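Taking it in order: structure first as structure tokens, then the write-up.
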Amino acid sequence: MGRAGSPPRPGGGAAGRDPEGPRGKVSAGTGKGMVLSQVDTVNLPSIQRAMQAVGNHLKDQGLTLLINNAGISSHATLCSLDSQEMLDVFATNVVGTLQEFLPLLEQAAKGEGKEGLSCSRAAVINISSKLGSIGLCLHVPQAPMYPYRASKAAQNMVTRCLAAELQDKGILCVAIHPGWVKTDMGTQEAPLTVEHSVRGILTVLASLSQDTSGAFLDWEGNSLPW
Ligand SMILES: NC(=O)c1ccc[n+]([C@@H]2O[C@H](COP(=O)([O-])OP(=O)(O)OC[C@H]3O[C@@H](n4cnc5c(N)ncnc54)[C@H](OP(=O)(O)O)[C@@H]3O)[C@@H](O)[C@H]2O)c1
């Protein structure tokens, strides 16, 4: 879960603010046919350029899998909260890249012989967080993190709406909590390594179908309350 937001696989793509930087290259891997695009998810022209680059790379195949991984955290409490911080966190964590990439996903979904919903047809995976669960919030009194929690709850609602709206177009949408992971955001105190979390997420992605579109799952495939 570094700067590059898609899983490393030949013929795939990854995008981040600094894809050619050391963390971007490590995250994206060195698979043959990988396309690395620069994207800042709060900058529309950069999203449009990345979409063009991905579209040119994939030609008429369309985009099978869009993983929205970029996220920022905020530890603001009720007392320390300011509105600009709230808006900045929402801009990154909620608005995302979907609108621009939708035509490429629709193109993939229309591919010959493709039926039902799955990650091998067309899918949007929003990397969410358990901290955005309203249902679990009463049981997690620590870490107020108002902007982060509110933004992830909003991202979850976006995922749910997308799943309902895009299912007839053959596009699956889910929200996935990656676990508490050793990253800059998760810190080295986290119990899970990036590799462990990513392996779990890839297994979950392979199992997704019509029945799980619109779900909120963790990296082990457990269902989480919204
Ligand atoms: N780590 C955890 O325990 C945990 C738990 C639950 C959910 N999550 C979620 O998992 C996702 C990844 O988090 P992480 O743990 O890898 O956090 P991280 O170590 O802080 O990395 C965040 C990533 O998002 C990128 N990013 C932030 N703003 C961006 C923007 N405007 N445009 C493009 N990229 C941007 C960062 O790019 P730069 O490197 O360029 O800054 C960085 O690669 C997030 O959505 C987070 O909410 C993480």
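The values are calculated or read from the model by the stated rules, or taken from the named source; none is laboratory data. Note that the structure is a prediction, hence the values are computed from the model and not measured. Cβ placement follows ideal geometry from the backbone for every residue including glycine, while neighbour counts extend to all protein chains displayed. These area figures cover heavy atoms from the full protein model, side chains too; ligands, DNA and RNA do not enter into them. Shrake-Rupley method; radii C 1.70, N 1.55, O 1.52, S 1.80 Å.
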Six or more apart or on different chains, Cβ atoms under 6 Å: show the pairs whose first residue is in the range 205-226 and closer than 18 Å to Asn68 by Cα and whose second is in a loop (DSSP other than H, G, I, E, B) and open to solvent by 50 Å² or more (accessible area, probe 1.4 Å). Phe216/Trp226
Residues that are among the basic types (Lys, Arg) and in contact with a strand residue (DSSP E or B) (Cβ under 6 Å, 6 or more places away or on another chain): does the range 130-144 have at least one? yes
All helices (runs of 4 or more DSSP H) inside the range 121-226 with 1 or more residues being at pLDDT below 95: 134-137, 146-166
The range 95-120, residues that are among the small types (Gly, Ala, Ser) and either in contact with a Ser or Thr (Cβ under 8 Å, 6 or more places away or on another chain) or part of a loop (DSSP other than H, G, I, E, B) (or both): Gly96, Ala108, Gly111, Gly113, Gly116, Ser118, Ser120
Complete set of residues in the range 163-184 that are more than 16 Å from the ligand (Cβ to nearest atom) and open to solvent by less than 60 Å² (accessible area, probe 1.4 Å): Ala163, Leu166, Gly170, Ile171, Leu172
Residue that is nearest to Thr203 (Cα to Cα) [pool: residues in the range 84-137 that are small (Gly, Ala, Ser) and open to solvent by less than 20 Å² (accessible area, probe 1.4 Å)]: Ala123
